[in-house]
Amino acid sequence: MMSPCTAPQGLLSILRKLKSSPDQEVRILLLGLDNAGKTTLLKQLASEDVSHITPTQGFNIKSVQSQGFKLNVWDIGGQRKIRPYWRNYFENTDVLIYVIDSADRKRFEETGQELAELLEEEKLSGVPVLVFANKQDLMTAAPAAEIAEGLNLHTIRDRIWQIQACSAVTSEGVQDGMTWVCKNIATRKK
Amino acid sequence: MLGYIWQYFYTSFFRFWLKWILRQVTGKCELQRICSGYKQGAPRTSRAEYSLESSKSKALRSAVSVDEDQVEKCVVAIMQEKNIHSQKDPTFKANLRVCIFQITGYKKLYNSVENLRKEVFDSENKAHEDMLLKLWNLLKPSVKLESRITKQWGDVGFQGDDPKTDFRGMGMLGLTNLVFFSERYTDLSQQVLSHSNHPKLGYSYAIVGINLTEMAYSLLKAGTLKPHFYNGVLGVPHLEHFHQLYCYLAYEFDKFWMEEEPTSIMEFNQYREKFQEKVKKLLEQPDVSLSLRELSDQ
């Protein structure tokens, strides 16, 4: 079936991709309620010390090299007062990472509502969503499956999504989530 | 590159010979020249610190980390080692003593600050809870807190209805700073709080305060605050001096923010950075002392 000339062409396109991929910039938006662990996650991604975190007024941004991409990660404060500003950062988002404090059961409803509203946003339509069920290092943390069910994630049909259990403090599960992110940028950007 | 090479040759050869020549000419060792030739405070203590740290003698090098009750013994040992006589240089002993108190005191201050920072705010701890309620009463003396967990906390700039999750990596250091400012400078802190409720330029008072604690902490940790403490405290600095510095930052940041008129709170980190650069510039001046004390000590 294969004609003799397709092999070198395939090789060429792979080479071309290898050459161009490190320059590919990706915009990642990190959202979630206050105290969900967004900034800790951001610092963990950038391999920085996570022991002096303070609540975020406004936003933080860091660029991280990962799996051939330059990830520009925007960490926006989660306090109720500044949630209205979230929409200013929607444009051109490649992946949305939504962070949940798995031990803060009292606010599962609130965080579910915020996520549902985000998924309705036109500027975020079709954008892949990774939900980090964070703080799994705490005894009281709800398992990821329970959170997925509570948030009705299985009803999401208009985009690819994933839920990943993690602990931003110990970094457990973070890399798995980021691998999913990078895999799904590739398919989207093609 | 040339700078590095020069630095290398200077510290390993030239500095030694330069010191030797100066010693022959003036009849005094480097520490004596520093203690008599430079003004008390950062100009003298910073130089003495460098001199002690880079000394070849163990007695001198260990001086920068002795315990408070060993300082006297340490000064005597240095004078013996360097063959300095009190009759010939009567002020030396007292001057060096102050320098060593300041140098070792700064390190001790960092340890105390670090311990307080590591103390996590705990709702089960009555002392912690009382302190939080005290903060409310100082900031809002005419408003009663309806319950421990309430949206009212938002009025003093906490994020949600329970402040306990807002102290994060700053722990009890953050709360202690906030309470100290309100207790020592009640009117000023209420004035800053009212600015933070400005309809256009508003910000979250408590959260910004905790971020400023982090600023003070990281400046202390990096050693950037040395000139400030060497000039301001002629002895061992204590936690109170650190809290005083926080008050300076809280008051000055508010002033800076209101003058700069940022378009929204989302620009906080850019302005925080800009403000920190400004403070660092001040700290480069040899006679710096960042103080609110003269302004209004109530």
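Rounded to the nearest Å, what's the spacing between the alpha carbon centres of the range B:72-108 and the range B:161-219? Just the number, please.
Distance between centres, Cα-based: 40 Å.
For the protein assembly as shown, with only Lys/Arg (+1) and Asp/Glu (-1) charged at the beta-carbon, what is the dipole magnitude about the Cα centre, in debye rounded to 20?
2140 debye
Which translational diffusion coefficient, to the nearest whole µm²/s, is obtained for the range B:142-298 from the Stokes-Einstein equation, given a Kirkwood hydrodynamic radius over C-alpha pairs, 4 °C and 1.567 mPa s?
79 µm²/s
With 28 Å as the limit, write out which pairs from B:LYS226/B:LYS278; B:LYS73/B:LYS108; A:LYS106/B:LYS255; A:LYS38/B:LYS107 have Cα-Cα distances beyond it, or answer none.
A:LYS106/B:LYS255; A:LYS38/B:LYS107
Under the Kirkwood approximation for Rh and a Cα-based Rg, what ratio Rg/Rh is obtained for the range B:63-116?
The Rg/Rh ratio comes out at 1.09.
I'd like the projected area of chain B, averaged over all directions, using the convex hull of its alpha carbons. Report it in nm² with one decimal.
Spelled out: convex hull of the Cα atoms, projected over all directions, averaged, 19.2 nm².
Compute the acute angle (0 to 90°) between the alpha-carbon long axis of helix A:108-120 and the principal axis of greatest extent of the alpha-carbon atoms of chain A; round to the nearest 10°.
Helix A:108-120 sits at roughly 40 degrees to that axis.
How large is log10 of I(q)/I(0) for the range B:210-281 at q = 0.18, 0.19, 0.23 Å⁻¹ when the intensity is taken from the Debye formula with one equal scatterer per alpha-carbon?
-0.72, -0.79, -1.07
Relative to 2.2 N^0.38 Å, what does the C-alpha radius of gyration of the protein assembly as shown come to as a ratio? Two decimals please.
The reported ratio for this selection is 1.22.
Pick out which of B:GLU214, B:GLU53, B:GLU267 has the largest mean-square fluctuation in a Gaussian network model of chain B, springs linking Cα atoms closer than 10 Å.
Result for chain B, Cα springs under 10 Å: B:GLU267 fluctuates most.
Whole number please: convex hull volume per residue, Cα atoms of the range B:2-104, in Å³.
Residue-normalised Cα hull volume stands at 104 Å³.
Given just the C-alpha atoms of the range B:256-295, how large is their convex hull per residue in cubic angstrom?
In the range B:256-295, the Cα convex hull volume per residue is 78 Å³.
Picking from B:GLN70, B:GLN80, B:GLN24, which is most flexible by a Gaussian network model of chain B using Cα springs under 10 Å?
Taking springs between Cα atoms under 10 Å, the residue moving most is B:GLN24.
According to the Kirkwood expression over distinct Cα-Cα pairs, how big is the hydrodynamic radius of the range B:78-234, in Å?
By the Kirkwood definition, the hydrodynamic radius is 18.1 Å.
Short version: ³J(HN,Hα) in whole Hz for each residue of the range A:62-71, in order, from phi by Karplus 6.51 cos²θ - 1.76 cosθ + 1.60 (θ = phi - 60°), x for Gly and Pro, what are they?
Values per residue, Gly and Pro as x: 9, 9, 10, 7, 8, 6, x, 10, 9, 8 Hz.
Would you mind ranking B:MET131, B:MET1 by Cβ crowding within 10 Å, fewest neighbours first?
Going from sparsest to densest Cβ surroundings: B:MET1, B:MET131.
Using θ = phi - 60° and the Karplus relation 6.51 cos²θ - 1.76 cosθ + 1.60, list the HN-Hα couplings for the range B:276-287 in order, rounded to whole Hz, with x at every Gly or Pro.
Each residue of the range B:276-287 in turn: 5, 4, 4, 5, 4, 4, 4, 6, 7, 6, x, 9 Hz.
What is the average number of partner chain Cβ atoms found within 10 Å of a Cβ in A:46-57?
For this peptide, the per-residue mean of nearby foreign Cβ atoms is 6.
So, with +1 on the Cβ of K and R and -1 on the Cβ of D and E, and no other charges, what is the size of the charge dipole of the range B:119-295 about its Cα centre, to the nearest 20 debye?
That gives a dipole near 100 debye.
Summarise the partner chain shielding of B:158-164 as one whole number: the mean count of Cβ atoms from other chains within 10 Å of each residue's Cβ.
4
Rounded if a/c is under 1.5, else prolate if a/b beats b/c, else oblate: with a ≥ b ≥ c from the C-alpha gyration tensor eigenvalues square-rooted, which is the range A:100-163?
Since a/c reaches 1.5 and a/b is larger than b/c, the shape of the range A:100-163 is classed as prolate.
Dipole magnitude of the range B:53-186 about its Cα centre, charges +1 at Lys/Arg Cβ and -1 at Asp/Glu Cβ only, in debye to the nearest 20?
600 debye
If every alpha-carbon in chain A counts as one equal scatterer, what log10 I(q)/I(0) does Debye give at q = 0.09, 0.10, 0.13, 0.19 1/Å?
Scattering profile of chain A, log10 relative to I(0): -0.35, -0.42, -0.67, -1.37.
Could you please rank B:THR176, B:THR91, A:THR93, B:THR186, placing first whichever residue has the fewest other Cβ atoms within 10 Å of its Cβ?
Fewest-to-most ranking of B:THR176, B:THR91, A:THR93, B:THR186: B:THR91, B:THR186, A:THR93, B:THR176.
Taking the Cα centroid of the range B:1-45 and of the range A:19-90, what is the distance between the two, rounded to the nearest whole Å?
Cα centroid to Cα centroid, the span is 48 Å.
When 1/r is averaged over all different Cα pairs and the result inverted, which Kirkwood radius in Å belongs to the range B:1-49?
After inverting the mean inverse Cα-Cα distance, the result is 12.0 Å.
Give me the inter-chain shielding for B:210-216: mean count of other chain Cβ atoms within 10 Å, whole number please.
Counting other chains' Cβ atoms within 10 Å and averaging over B:210-216 gives 2.
If contacts are Cα pairs under 8 angstrom and at least 6 residues apart, what is the relative contact order of the range B:119-295 in percent?
21 percent
So what J values fall out for the range A:125-130 if you push phi through Karplus, 6.51 cos²θ - 1.76 cosθ + 1.60 with θ = phi - 60°, rounded to Hz, Gly and Pro as x?
Working through the residues one at a time gives 5, x, 6, x, 10, 10 Hz.
Angle, helix A:174-189 long axis vs. longest principal axis of chain A, Cα atoms, 0 to 90°, nearest 10?
That helix lies at roughly 50 degrees to the long axis.
Any chance you could give the angle, 0 to 90 degrees and rounded to 10, that helix B:171-184 forms with the longest Cα principal axis of chain B?
Between the helix axis and the principal axis of chain B, the angle is about 80 degrees.
Which one, B:TYR230, B:TYR246, B:TYR38, has the greatest fluctuation when you compute a Gaussian network model over chain B with C-alpha springs under 10 angstrom?
Of B:TYR230, B:TYR246, B:TYR38, the Gaussian network model singles out B:TYR38 as fluctuating most.
Here, each number is a calculation from the coordinates, and none is a lab measurement. Remember, it's a predicted structure, so these values are computed and weren't measured experimentally. Heads up, the Cβs are rebuilt from the backbone with ideal geometry, glycines too, and the neighbour counts pull from every protein chain shown.
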